[in-house]
Amino acid sequence: MLGEQLINGIVIGGMYALVALGFTLVFGVLEKLNFAHSEVFMVGGFIGLSSLALGLPLWCAAVLVVIICGVLGLAVELVSFRKFKSSDAHITAAISSLAFGIVITETIHTIYGGEPLSLPFISELRTATIAIAGIQVHLVKLGILGITAILLATLFWVIKYTSLGRNISAVADSPINAALLGINVKAVNQQTFVISSILAGIAGLLLAVRTGIASPDVGLTFGLKALAIMTIGGMGSLLGAVVGGVLLGVVEALAVQFGLGGYGEIVVWVLMIAVLLIRPDGLLASRGVMEKRA
């Protein structure tokens, strides 16, 4: 049914948005792309796999994802970005983060192998449904949608109404001026990587729960789509990342509904080209929570 596909699209679009927000946060603050971000996302699913295999509840898996992915974010910042501060170090930092991501992927391959693995998950939880306006909706999808909405709302609240958010916005606007105002730019950079990595890790866990598998290849697929979403929404725009993610998820779901599911992997690129032809700077480039520095 169309309604069910729309719900599927919003659910997957929310996860796209969580990953795209991580790219956008780092780009908004440092104007550099973190190519290890998608691998941190992938790790979230395997943390869930290991946690459930050990008999831990999902909430424990979520706590471990927050801790481990947060530490990974700090490691990426330290190894791939802290030493490359100049404005012309974009390529060096990007390549360094790409190498860090490859290390993460190869580590996962060594520990778990190269094939997707099924989560030892209670099947009843994944198959339970509830009727909403005549539409049968899986409870796990509603749970994922609710968690995603809470994470997105919390992030926007932090950015707009807390000192941490004001510091992030100040550093994104001008790190030099932020330092003159007494803001610890190094700490803000670290906090940005921690936040973005936690969002990615939680998204990876949610995807693993939704599909029932953890795959070492999912990072590449989602990472490329998240970069396209960031472009669609507007580079540096947090709101644009959310709008772009949900838009892509819904468009993919509609493609399936109308028998075009085989073209699903090219939908994002067609959508990106179409948007950029109309708005070269992205849908919300001038309305983002964090504007690109002049």
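The values are calculated or read from the model by the stated rules, or taken from the named source; none is laboratory data. Source: prediction; values computed, not measured. In this analysis, Cβ positions are derived from the backbone assuming ideal geometry, glycine residues included, and neighbour counts consider all displayed protein chains.
Quick check on the stretch 203-216. Is at least one of its residues at pLDDT below 90 and either basic (Lys, Arg) or under 30 Å from residue 83 (Cβ atoms) (or both)?
yes
Mind telling me which of the residues 70, 22, 48, 9 ends up being of a type outside the set (A, V, I, L, M, F, W, C), in contact (Cβ under 8 Å) with a residue 12 or more places away in the chain and in contact with a strand residue (DSSP E or B) (Cβ under 9 Å, 6 or more places away or on another chain)?
Being of a type outside the set (A, V, I, L, M, F, W, C), in contact (Cβ under 8 Å) with a residue 12 or more places away in the chain and in contact with a strand residue (DSSP E or B) (Cβ under 9 Å, 6 or more places away or on another chain) holds for just one of 70, 22, 48, 9, which is 48.
Select from the stretch 177-220 the residues that are of a type in the set (S, T, N, Q) and buried (at least 24 other Cβ atoms within 10 Å of the Cβ) and write down the one among them that is farthest from residue 148 (Cα to Cα).
Residue satisfying both the conditions and the ranking: 192.
Do the conditions hold for residue 44, that is, is it assigned to a helix (DSSP H, G or I), within 19 Å of residue 101 (Cβ to Cβ) and small (Gly, Ala, Ser)? Step through it out loud before you land on a result.
Details: assigned to a helix (DSSP H, G or I): yes; within 19 Å of residue 101 (Cβ to Cβ): yes; small (Gly, Ala, Ser): yes.
Against the criterion (assigned to a helix (DSSP H, G or I), within 19 Å of residue 101 (Cβ to Cβ) and small (Gly, Ala, Ser)), residue 44 qualifies.
So, residue 174, is that one touching a residue at least 24 places away in the same chain (Cβ under 8 Å) and surrounded by fewer than 18 Cβ atoms within 10 Å (Cβ to Cβ) or not? Give the derivation first.
Working: touching a residue at least 24 places away in the same chain (Cβ under 8 Å): yes; surrounded by fewer than 18 Cβ atoms within 10 Å (Cβ to Cβ): yes.
Here the answer is yes, as residue 174 does meet what is asked.
Can you tell me which residue among 251, 267, 256 is closer than 24 Å to residue 155 by Cβ and part of a helix (DSSP H, G or I)? Spell out the reasoning first.
Working: 267 fails: closer than 24 Å to residue 155 by Cβ; 256 fails: closer than 24 Å to residue 155 by Cβ.
Exactly one residue qualifies, and that residue is 251.
Within the stretch 51-92, can you find the residues that are hydroxyl-bearing (Ser, Thr, Tyr), under 27 Å from residue 186 (Cα atoms) and assigned to a helix (DSSP H, G or I)?
80, 92, listed by residue number.
Within the stretch 239-260, track down each residue that is exposed (fewer than 14 other Cβ atoms within 10 Å of the Cβ) and either at pLDDT 75 or above or in contact with a helix residue (DSSP H, G or I) (Cβ under 6 Å, 6 or more places away or on another chain) (or both).
Matches in the stretch 239-260: 258 only.
When you scan the stretch 15-29, do you find a residue that is outside any helix (DSSP H, G or I) and modelled with pLDDT of 90 or more, even just one?
For the stretch 15-29, residues outside any helix (DSSP H, G or I) and modelled with pLDDT of 90 or more: absent.
Can you name the residue in the stretch 143-169 that is of a type in the set (Ser, Thr, Tyr) and in a helix (DSSP H, G or I) and is also surrounded by the most Cβ atoms within 10 Å (Cβ to Cβ) among such residues?
The extreme case among them is 148.
Restricting to the stretch 154-202, name every residue that is within 22 Å of residue 45 (Cβ to Cβ) and either at pLDDT below 90 or not hydroxyl-bearing (Ser, Thr, Tyr) (or both).
If the condition is that a residue be within 22 Å of residue 45 (Cβ to Cβ) and either at pLDDT below 90 or not hydroxyl-bearing (Ser, Thr, Tyr) (or both), then 155, 193, 194, 195, 198, 199, 200, 201, 202 are the ones that fit.
Could you tell me which of the residues 228, 200 is within 30 Å of residue 280 (Cβ to Cβ) and touching a His at 6+ places or on another chain (Cβ under 9 Å)? Walk me through how you get there before you give the answer.
Working: 228 fails: touching a His at 6+ places or on another chain (Cβ under 9 Å).
Selected residue: 200, the only one of 228, 200 that is within 30 Å of residue 280 (Cβ to Cβ) and touching a His at 6+ places or on another chain (Cβ under 9 Å).
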